[in-house]
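Below: one structure in structure tokens.
The values are calculated or read from the model by the stated rules, or taken from the named source; none is laboratory data. Predicted model only: the values in this text are computed from it and were never measured. Quick reminder, even Gly has a Cβ in these numbers, built from the backbone with ideal geometry, and neighbours come from all protein chains shown.
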Amino acid sequence: MDDPQATSRSLIDPAITARMAVQPLVARFPMEGTVSGMHRSPHRGSSVEFAEYRQYVPGDDLRRLDWRVLGRTDRYYLKEFEAETNLRCYFVIDCSGSMKFSSHEVTKLDYAIKLIAHLAYQVIGQGDAAGLVSVGPRIITEIPPKRSPSHLQLILDQLQQVKAKGETGLSDTLHELAEKAKRRALVLVFSDCFTDLEPLINSFQHLRFQKHDVGLFHILDPQEMSFDFDRPIRFADLESSFSMVTEPSMVREAYLEQFRQFQSGLQKGCHECNGDYRSVMTHQPAGQVLGDFLVDRAKALSIR
């Protein structure tokens, strides 16, 4: 019998974790955690990161008074600092039927699982909380964010069990998550986004309205981007019973144009609500994708 823990550990590649270790996963917006951490908080507190001066009002702690400013200006000012807190991260994985497509050895679902496993390892390793939501026509599994190493094992075990089948209820799930997650959180979505564009963008806007930091990994197979079929073929909808036979050369241009429009609209919609959009293909090295993601988020935070 296979050892479940050994199977879960096989999701983690030491070479990838070593590459990710040089840059922690950071939130681009202030978070509301429960303990001290490395992420900005919307509240003021003790930190090495100076925020602003404000005038003294009766009742303020005199220990925070800037005596040098008082000596120069004879005015009472307090120095305020950014409070720092921990992060709560939800990983949302689309388990609809289209995620099992592959033109080579790796399906879109397998690729999403690999990305999530390493990011969950990173998040819990840096003292933050990670949770998992798997989505089919509705929520399949929901694991709330926690910080313990044993919780990482629970997430890895669940990732080994997810299967791609049925339609996607991604938009409805994200709306539900926006209401359920009472504190600000980082919500990372892993999906091929084979759903109606407007409801999906609306769900991202709902998450941002609730002050969550939203990131989308738009996971695609290279053949979906190139449509390089060279003979008549039957195309089957992996989320329904619909299928059709066609000559690829006759529909290639129209398909590619529709695909570009959809991807452009998805990217634009994410950016308009300050979401983080990343298009990745399943033949890209996971370590490079994750390393670039962590660095880009750190850069985005530094210019805010």
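Mind counting the residues in segment 205-237 that are surrounded by fewer than 16 Cβ atoms within 10 Å (Cβ to Cβ), touching a helix residue (DSSP H, G or I) at 6+ places or on another chain (Cβ under 9 Å) and closer than 22 Å to VAL280 by Cβ?
Residues that pass the stated criteria total 4.
Here are some residues: LEU216, LEU266. Which one is in a helix (DSSP H, G or I) and either among the aliphatic types (A, V, I, L, M) or without any contact (Cβ under 8 Å) to a residue 40 or more places away in the chain (or both)?
Of the residues listed, the single one that is in a helix (DSSP H, G or I) and either among the aliphatic types (A, V, I, L, M) or without any contact (Cβ under 8 Å) to a residue 40 or more places away in the chain (or both) is LEU266.
Out of segment 143-174, which residues are under 16 Å from the mean Cα position of the chain (by Cα), crowded, with 17+ Cβ neighbours inside 10 Å and more than 11 Å from PHE91 (Cβ to Cβ)?
Across segment 143-174, the qualifying residues are LEU170, SER171, THR173, LEU174.
A further question follows. Please indicate, with yes or no, whether at least one residue in segment 96-105 is of a type in the set (A, V, I, L, M) and crowded, with 22+ Cβ neighbours inside 10 Å.
The answer is yes; a qualifying residue exists.
Further, regarding this structure: Going through SER102, SER96, SER36 one at a time, which residue ends up being of a type in the set (Ser, Thr, Tyr), modelled with pLDDT of 90 or more and touching a strand residue (DSSP E or B) at 6+ places or on another chain (Cβ under 8 Å)?
SER96
Considering each of LEU115, LEU177 in turn, give the residue that is touching a strand residue (DSSP E or B) at 6+ places or on another chain (Cβ under 7 Å), at pLDDT 95 or above and within 15 Å of LEU11 (Cβ to Cβ).
LEU115 is the lone residue from the list that is touching a strand residue (DSSP E or B) at 6+ places or on another chain (Cβ under 7 Å), at pLDDT 95 or above and within 15 Å of LEU11 (Cβ to Cβ).
Which ones in segment 242-265 are among the aromatic types (Phe, Trp, Tyr) and either exposed (fewer than 12 other Cβ atoms within 10 Å of the Cβ) or over 20 Å from TYR277 (Cβ atoms) (or both)?
Selection gives PHE242, TYR255.
Kindly provide the set of residues from segment 120-157 that are acidic (Asp, Glu) and either farther than 24 Å from LEU294 by Cβ or part of a helix (DSSP H, G or I) (or both), ordered by number.
Selection gives GLU142, ASP157.
Going through ARG231, ARG260 one at a time, which residue ends up being among the basic types (Lys, Arg), farther than 19 Å from TYR111 by Cβ, without any contact (Cβ under 8 Å) to a residue 60 or more places away in the chain and touching an Asp or Glu at 6+ places or on another chain (Cβ under 9 Å)?
ARG231
Provide a single number: the residues in segment 75-91 that are in contact with a Ser or Thr (Cβ under 7 Å, 6 or more places away or on another chain) and modelled with pLDDT of 95 or more.
0
Just to be sure I understand the filter: pairs with C-beta atoms under 7 Å, separated by 6 or more residues or on different chains, first member in segment 128-153 and basic (Lys, Arg), second member assigned to a strand (DSSP E or B) and buried (at least 19 other Cβ atoms within 10 Å of the Cβ). Which pairs pass?
LYS146/ALA129; ARG147/ALA129
Right, next: Quick test for you: out of GLY275, GLY291, pick the one residue that is over 30 Å from PRO137 (Cα atoms), in the same structural domain as ILE201 (by TED's automatic domain parsing), in contact (Cβ under 8 Å) with a residue 40 or more places away in the chain and not polar (S, T, N, Q). Walk me through it before giving the result.
On the way: GLY275 fails: over 30 Å from PRO137 (Cα atoms).
Step by step, each of GLY275, GLY291 is checked, and only GLY291 is over 30 Å from PRO137 (Cα atoms), in the same structural domain as ILE201 (by TED's automatic domain parsing), in contact (Cβ under 8 Å) with a residue 40 or more places away in the chain and not polar (S, T, N, Q).
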